[in-house]
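Here is the structure we will look at.
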Amino acid sequence: VGVSERGSIRSGLGEWIVQRLTAVYLLVYIIVALIRFTVWPITGYADWVQLSSGLFYQISTLLFIFSLLAHAWLGLKSVFLDYIKPWRLRFLLHMLLATVLLGTGVWALLVIGVK
């Protein structure tokens, strides 16, 4: 009991919880960013440097990137498992998705200047 064709039932619940938590964090981050940029607009390069040099900004943006990547991975993985039946094609799509998300994550870290 508790084991299905794709793994344990608990892993599905865990993925569901992570999917919801990352969605909430993404929503909160976007709302806060929209409010911040509406109230205090960025007018030049100096403003961007000042904003991005703060520890809170760096940590929250890093969490945003990780949340976005995890949310995308879990969502698309579920879509592939539900709708792509040939296992070789599904495996290929999983590997392609992993490569794209890993490359996007590295690029995002380089853009925000994580050292």
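Summary of computed values
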| quantity | calculated |
| --- | --- |
| Pairs with Cβ under 8 Å, 6+ apart, first in the stretch 33-47 and at positive phi and in a loop (DSSP other than H, G, I, E, B), second among the small types (Gly, Ala, Ser) and surrounded by 11 or more Cβ atoms within 10 Å (Cβ to Cβ) | none |
| Within the stretch 95-115, tally of residues that are over 16 Å from the mean Cα position of the chain (by Cα) and in contact (Cβ under 8 Å) with a residue 12 or more places away in the chain | 2 |
| Hey, Thr61 of a type in the set (S, T, N, Q), modelled with pLDDT of 95 or more and under 18 Å from Leu102 (Cα atoms) or not | no |
| Residue in the stretch 68-85 that is assigned to a loop (DSSP other than H, G, I, E, B) and open to solvent by 80 Å² or more (accessible area, probe 1.4 Å) present | yes |
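Residue-by-condition table, conditions (1) open to solvent by less than 60 Å² (accessible area, probe 1.4 Å); (2) within 25 Å of Leu110 (Cβ to Cβ):
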| site | (1), (2) |
| --- | --- |
| Leu21 | no, no |
| Tyr45 | no, yes |
| Leu51 | yes, yes |
| Leu62 | yes, yes |
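The values are calculated or read from the model by the stated rules, or taken from the named source; none is laboratory data. For clarity, every value in this text was computed on a predicted model and none was experimentally measured. When we count neighbours, we look across all protein chains shown, and the Cβ atoms used for this are built from the backbone with ideal geometry, even at glycine. Note: areas computed on protein heavy atoms with side chains; ligands, DNA, RNA excluded. Shrake-Rupley method; radii C 1.70, N 1.55, O 1.52, S 1.80 Å.
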